[in-house]
Amino acid sequence: MSVDWFPLWLSLRVAALATGISFLLGLWIAYVLANRQFRGKELVDAVVTLPLVLPPTVLGYYLLVSLGRMSPLGKVYESVFGAPLVFTWQAAVIASTLHAVPLLVKSSRAAFQSVDHSLERAARTLGVSEWRLFWRVTLPLSRRSVVAATVLAFARSLGDFGTTLMIAGDIPGRTQTSAVAIYDAVESGNTLVARVLVLVLSVLTIGIVYMANRLEHRQPAV
C-alpha cells in the first residue's frame, strides 16, 4: 500500500505560513504586554492565552461561527475571493495560527521583560524611535528565546488536529493535514499509512523540540 505524502506537505506549508503570521502578530502583542500599561491588560493576556486551555472543538466552533458563510467576515472573504473560507487549506492556516500565537506571546513577553531596560532607556535618550529600538535593541537581546518560541510554534502548528478538523474539514487532496490523515488511516484500518505518518511526525517534532532547547539554552559567545 503506497503512502500519500500530500497531507505531510500540506501540514508543512500550513505550519510555515501559520508560524510566519504568528511571529509578526505574537511579537507585537508580546511587546505591548511587556512594555505598556493600559486598562484591561490582563484581560488581553487572558484572551490570548485562551487557545492553550480551551478544548480544540470549542475553538473550532468559535471559528466556524466567526468565519462561516453567514458571518460578516465570511461574507467579506467570499465577496473578495469568490469562494467561502471554511473547509479550505487557508482555514487550516487560521486554525494553526490560533494555537501558535499564544506560545509566541508567552515566551516572547517573558524574554522582553528580562531585557536590561537601562539599555532601552539609554537608546531612548539618544532619540531612537520605538520601532528602531525594538529591532535594534530589544529583539537582538532576546533573540534566542524568541527563536526558540518560534520553532515551538511551528511544531505546534504542524500537529494541530481538532480545530483544523472543525474549520478546514477532512477533504483528501485539499484540506487533509497529516494529523487528520493519521486519524483517517486508523479509522479505516490502514495501519501502514498511520505508522509511517506517525513516525515521520514524531521524528520531525523531536528534532524541532531539540533545536528549540539548543537555541534557548546555548550560551552566548564571549
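The values are calculated or read from the model by the stated rules, or taken from the named source; none is laboratory data. Please read all numbers here as calculations on a predicted model, not as lab measurements. All Cβ positions, glycine included, derive from the backbone under ideal geometry; neighbour counts span all protein chains shown.
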| message | Just to be sure I understand the filter: pairs with C-beta atoms under 6 Å, separated by 6 or more residues or on different chains, first member in the range 172-200 and free of Cβ contacts under 8 Å to residues at least 12 places away in the same chain, second member surrounded by fewer than 21 Cβ atoms within 10 Å (Cβ to Cβ). Which pairs pass? | response | VAL186/ALA194
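Taking the options TYR210, TYR183, name whichever one is modelled with pLDDT of 90 or more and either more than 22 Å from the chain's Cα centre (by Cα) or assigned to a helix (DSSP H, G or I) (or both). First the steps, then the outcome.
Details: TYR210 fails: modelled with pLDDT of 90 or more.
Just a single option satisfies the conditions, and that option is TYR183.
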| message | Please determine whether any residue of the range 38-47 is in contact (Cβ under 8 Å) with a residue 12 or more places away in the chain, in contact with a Lys or Arg (Cβ under 9 Å, 6 or more places away or on another chain) and within 16 Å of LEU139 (Cα to Cα). | response | no
| Among (1) surrounded by fewer than 19 Cβ atoms within 10 Å (Cβ to Cβ); (2) more than 26 Å from TRP9 (Cα to Cα); (3) in contact (Cβ under 8 Å) with a residue 60 or more places away in the chain, which single condition is THR57 missing? | (2)
| request: Name the single residue, out of those in the range 87-144 being outside any helix (DSSP H, G or I) and without any contact (Cβ under 8 Å) to a residue 40 or more places away in the chain, that is nearest to the chain's Cα centre (by Cα). | output: SER142
| Could you say whether any residue in the range 33-44 is at pLDDT below 90 and surrounded by 15 or more Cβ atoms within 10 Å (Cβ to Cβ)? | yes
| task | Considering every residue within the range 5-28, establish whether at least one is over 30 Å from VAL196 (Cα atoms), loosely packed, with under 15 Cβ neighbours inside 10 Å and more than 13 Å from the chain's Cα centre (by Cα). | result | yes
| query | Residue check: is LEU73 modelled with pLDDT of 90 or more and either of a type in the set (Phe, Trp, Tyr) or closer than 22 Å to ALA179 by Cα (or both)? | reply | no
